[in-house]
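Student: First, the structure itself, so that you have it in front of you.
The values are calculated or read from the model by the stated rules, or taken from the named source; none is laboratory data. Bear in mind the structure is a predicted one, so any value in this text is a computation, not a measurement. No Cβ is skipped: glycine too gets one built from the backbone with ideal geometry, and neighbour counts run over all protein chains shown. All accessible areas refer to the heavy atoms of the entire protein, side chains included, with ligands and DNA or RNA removed. Shrake-Rupley method; radii C 1.70, N 1.55, O 1.52, S 1.80 Å.
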Amino acid sequence: MGELKLMKGNEALAEAAIRAGADAYFGYPITPQSEVIEYLMAEKPHERTGMVVLQAESEIAAINMVYGAAGAGKKVMTSSSSPGISLKQEGISYIAGAELPCLYVNVVRGGPGLGTIQPSQADYFQSTKGGGHGDYRQIVLAPASVQEMSDFVKEGFDLAFKYRIPVLILSDGVIGQMMEKVELFDPIPRWTDEEAIANSPWATTGKKNGTERRIITSLDLDSHKMEEHNIKLQEKYKEITKNEVRYELIDCDDAEYIFVAYGSSARIAQKAVQLARAKGIKAGLFRLITLFPFPTVKMREMCGKGIKGFLAVEMSAGQMVEDVMLAVRGCAKVEHFGRYGGIVHTPEEVLAALEQKIIGG
Amino acid sequence: MAEITLQDIIKPENLVYKKTDLMTDKPLSYCPGCGHGTAHRITMEVIEELNLAEDTIGVAPVGCSVLAYEFMNVDMTQAAHGRAPAVATGIKRVWPNKVVFTYQGDGDLAAIGTSETIHACNRGENIVIIFINNGIYGMTGGQMAPTTLPGMKSSTSPYGRDVAMMGNPLKMTELVAQLPGTYFVTRQAVHTPAAVRKAKKAIKKAFENQRDCKPGLSFIEIVSNCNSGWKMTPTDANKWMEENMFPFYPMGDIKVDGQLVK
Ligand SMILES: Cc1ncc(C[n+]2csc(CCOP(=O)(O)OP(=O)(O)O)c2C)c(N)n1
Ligand code: SF4
């Protein structure tokens, strides 16, 4: 069993970065995720593992440092919250275009604009539909516990290098700030320089005599070649959709009504399942773990099996609900419920919404 | 006397000039007479002469030299507009023993990338920045740059740069020389053989500084021409540059070995 600790979500994530053998973290402070860089600075990872931690002059600089270091074959990451993530979008588009592996974290707060520092899930569209320019996708992991804030760092790096793709941990202010017990995984040593070169033969590490030189770019002025590159990207996204869908079904076996939720909303919806069952309503929870790829096939399959309705529960005005509708394609009722702008809904509100919008509606 | 054939002339002992292997054979995409090509060549010659090619990673900008990675025969990363110093920082921080440089135009470095430039300089990143100042946005068709001279015409200052309305030209090189993180700051040109020799010497010093882990960033401005953007012949452009750009952007070292010299 790994080391047990009581930690904040943001701290568990930072500790996991060191343990996952990350080579560098570049970031810029913003509430509610500043604990990530604060924890890293306090832990002196350069002494523990040799990991570099640098406070950049902006989120734009931070993501471009990630771009450079990822292109040079190293395990690198950044984190921020909504307004800062907006600033990173150009860099993320370049990273996706140049097919570089990296991990980044959004501890979402309410928007739009400067919004509020309170939790929110209103960055779903930005995260899953491509927040930057161009036809690209990224893998999106949605932790619902402090444990997953830690575990997804390791898993995120693995997926990033497996597919040479940016991986986003889409958290929120609740998960980032709350304290829970976490079992930390055993530290993985950082790659040696030789291992980094061997693991990423495409990376810019200096052209050795007799080897092809490496170029990291997202540019091709020949539109036919650019189309080919885009087709290759789309094929990769299809492959990911085939292989990497992750979700958890809670009390769904005999359920007639399903809450669909991720992150802190899934925790709240799980409580609403208990309240519903106590009243004799057969409710279950479909917890999304990957938001891209979305579990479209599973959701579609379920709706033929006696499910009367899906309630998409999210702290937004209704974003994920669109993907639920696309999955269900009219074969069951789909409605949305969620508080937003920094307000976190209660299990009672979620159950009431099920009764009004799905059962009674 | 026997007739001399081409084969008699093409012999190793007759070689007077050889293109460095660190320039690819791709035809340069630059306008004839443009300084970019020469600046590329001397940079690559320096890397070859210092035997650094196997450990060098370059960063190309957005601008006319966006395709620098097609011509410079070393490992290269193409950065978003203005972000090259941040990209170079990322590379250098995870590969501190490699030699990392950026090659950027004045729009890239002194407008959209001002923040990245100043902060990389101020942190004293141990990298080389090569800054091509041609007073204009060449790639996008000759718009005003932060370095465009007062009164100078461009497609977005068609009646000349009116400083009251459009602001003043930015002397980025003087500015970064003031920062404690810069170790070597100089301004050069590549329009005559003598200037090329001097510029190459400066570039060599910059790469030696990095190789020898001297504390801080080496920053080389090259005042250059943009005959297409300026709408002049290459010779007129060089003359205009000497008469107008050089008085405003004076040649020479500004900071050497961490000490201001003027
Ligand atoms: C974010 C972004 N904004 C604008 C552009 C368009 N753009 C391309 S090159 C350029 C100016 C380049 O000028 P400079 O850096 O002076 O280089 P030069 O072409 O003169 O060598 C601009 C504005 C872009 N590619 N990306
Ligand atoms: S447009 Fe200007 S800077 Fe660009 S290649 Fe032509 S002369 Fe050089």
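Student: Skip the ligands, DNA and RNA, and give the accessible area per residue of the stretch B:60-116 with a 1.4 Å probe, whole Å². Don't skip to the end; give the middle numbers.
Tutor: Numbers: 940 Å² over 57 residues.
Per residue, the stretch B:60-116 has an accessible area of 16 Å².
Student: Exactly which trypsin sites (Lys or Arg not before Pro) in the stretch A:93-194 are in a DSSP loop and have at most 13 other Cβ atoms within 10 Å?
Tutor: Details: sites: A:R109, A:K129, A:R137, A:K154, A:K162, A:R164, A:K181, A:R190; in loops: A:K129, A:R137, A:R164, A:R190.
Answer by residue number: A:K129.
Student: Related question: Sequence-distant or interchain residues sharing an amide H contact under 5 Å with B:T77, placed H: which?
Tutor: Close amide H contacts, sequence-distant or interchain: A:I216, B:G58, B:V59, B:A60.
Student: Gap in Å between the Cα centre of the stretch A:1-57 and the Cα centre of the stretch A:239-255?
Tutor: Value for the Cα centre distance between the two parts: 30 Å.
Student: Find the accessible area per residue for the stretch A:109-219; the probe is 1.4 Å, ligands and nucleic acids are left out, and the unit is Å².
Tutor: On the way: 4650 Å² over 111 residues.
Normalised by residue count, the accessible surface of the stretch A:109-219 is 42 Å².
Student: Something else about it: Provide the FRET efficiency to the nearest 0.05 for the B:C213-A:K44 pair, computing r from the beta carbons and using R0 = 30 Å. Could you put the intermediate results ahead of the total?
Tutor: Numbers: r = 22 Å, r/R0 = 0.75.
That gives a FRET efficiency of 0.85.
Student: Moving on to the next point. Once Lys and Arg get +1 and Asp and Glu get -1 on their Cβ, which of A:T49, B:M44, A:A24 lies farthest toward the positive end of the dipole of the protein assembly as shown?
Tutor: It is B:M44.
Student: Let me ask something else. Any idea what % of Cα-Cα pairs in the stretch A:1-51 are farther than 12 Å?
Tutor: The calculated P(r) of the stretch A:1-51 puts 63 percent of pairs beyond 12 Å.
Student: On the full set of protein chains, 1.4 Å probe, figure out the accessible area of B:C31 and give it in Å² to the nearest 10.
Tutor: Looks like 60 Å² after rounding.
Student: If the viscosity is 1.567 mPa s and the temperature 4 °C, what Stokes-Einstein diffusion coefficient in µm²/s follows for the stretch A:248-359 when Rh is the Kirkwood radius over Cα pairs? Numbers along the way, then the final one.
Tutor: Values: Rh = 13.4 Å.
Result for D is 96 µm²/s.
Student: For A:K357, what accessible surface area do you get with a 1.4 Å probe? Give it in Å², rounded to 10.
Tutor: We get 80 Å² for A:K357.
Student: Kirkwood Rh over Cα pairs of the stretch A:3-195 into Stokes-Einstein at 4 °C, 1.567 mPa s: D in µm²/s? Mind showing how you got there, number by number?
Tutor: Working: Rh = 16.0 Å.
My calculation gives 81 µm²/s for D.
Student: How large a share of the accessible area of the protein assembly as shown, in percent, is made up of carbon and sulfur atoms when the probe is 1.4 Å and the other protein chains stay in place? Mind showing how you got there, number by number?
Tutor: On the way: 13460 of 24880 Å².
Carbon with sulfur: 54 percent of the solvent-accessible area.
Student: Counting only the heavy atoms of the protein chains, how much of B:I118 is accessible to a 1.4 Å probe, in Å² to the nearest 10?
Tutor: 40 Å²
Student: Let's see if you can work this out: charge +1 on each Lys and Arg Cβ, -1 on each Asp and Glu Cβ, no other charges. What is the dipole magnitude of the stretch A:248-359 about its Cα centre, in debye to the nearest 20?
Tutor: Numbers: 14 positive and 13 negative charges, 22 e Å.
Magnitude of the dipole: close to 100 debye.
Student: Taking the convex hull of the Cα atoms, report for the stretch B:31-260 its projected area averaged over all directions, in nm². Could you put the intermediate results ahead of the total?
Tutor: Working: hull surface 44.4 nm².
About 11.1 nm², averaged over all directions.
Student: Using only the C-alpha atoms of the stretch B:1-159, find the volume of their convex hull and express it per residue in Å³. Numbers along the way, then the final one.
Tutor: Values: hull volume 23.6 nm³, N = 159.
So the per-residue Cα hull volume is 148 Å³.
Student: Quick check: pseudo-label points 7 Å beyond the Cα along Cα→Cβ at A:K129 and A:T192, how many nm apart are they?
Tutor: For the pair A:K129/A:T192, the computed spacing is 4.9 nm.
Student: Give me the percent of DSSP beta bridges within the stretch A:248-359 that run antiparallel, rounded to the nearest 5.
Tutor: Details: 3 of 17 bridges.
Counting only bridges with both partners in the stretch A:248-359, antiparallel ones make up about 20 percent.
Student: P(r) for the protein assembly as shown: what percent of alpha-carbon pairs falls in each 10 Å bin, starting at zero?
Tutor: 3, 16, 23, 21, 16, 11, 6, 3, 1, 0, 0, 0
Student: What do you get for GluC sites (Glu not before Pro) in the stretch A:318-361 restricted to DSSP loop and a cutoff of at most 10 other Cβ within 10 Å of the site's Cβ?
Tutor: On the way: sites: A:E322, A:E335, A:E348, A:E349, A:E355; in loops: none.
Sparse-neighbourhood loop GluC sites (Glu not before Pro): none present.
Student: Which Cα, out of A:C252, A:L288, A:Q274, lies furthest along the positive dipole direction of the stretch A:235-322 (beta carbon charges, K/R +1, D/E -1)?
Tutor: Ranked along the dipole, the leading option is A:Q274.
Student: Starting from one equal scatterer on each C-alpha and no solvent at all, send me the Debye-based log10 I(q)/I(0) for chain A at q = 0.12, 0.15 Å⁻¹, two decimals.
Tutor: Calculated log10 I(q)/I(0) at the listed q: -0.87, -1.27.
Student: Output needed: percent of Cα pairs per 10 Å distance bin for the stretch A:68-167, bins running from 0 to the one holding the longest distance.
Tutor: Per 10 Å bin, starting at 0, the Cα pair percentages come out as 16, 49, 31, 4.
Student: Follow-up question, since we're still on this one. Tell me the chymotrypsin sites (Phe, Trp or Tyr not before Pro) within the stretch B:153-243 that lie in a loop according to DSSP and have at most 16 other beta-carbon atoms within 10 Å. Walk me through the numbers on the way to the answer.
Tutor: Details: sites: B:Y159, B:Y183, B:F184, B:F207, B:F219, B:W230, B:W240; in loops: B:Y159.
Sites meeting the loop and neighbour criteria: B:Y159.
Student: I would also like to ask the following. Please give the charge dipole size of the stretch B:31-260, origin at the Cα centre, charges +1 on K and R Cβ atoms and -1 on D and E Cβ atoms. Round to the nearest 20 debye. Walk me through the intermediate numbers first.
Tutor: Numbers: 21 positive and 21 negative charges, 47 e Å.
About 220 debye.
Student: Moving on. Computed FRET efficiency, Cβ-Cβ of A:E322 and A:L114, R0 25 Å: what is it to the nearest 0.05?
Tutor: Numbers: r = 26 Å, r/R0 = 1.03.
Efficiency computed from Cβ-Cβ geometry: 0.45.
Student: Could you sort the residues of the stretch B:86-108 by number and keep only those whose accessible area is reduced by 20 Å² or more in the all-protein-chain setting relative to the chain alone, 1.4 Å probe?
Tutor: The answer is B:A86, B:V87, B:G90, B:I91, B:R93, B:V94, B:W95, B:K98 - residues whose exposure falls by at least 20 Å² when every protein chain is included.
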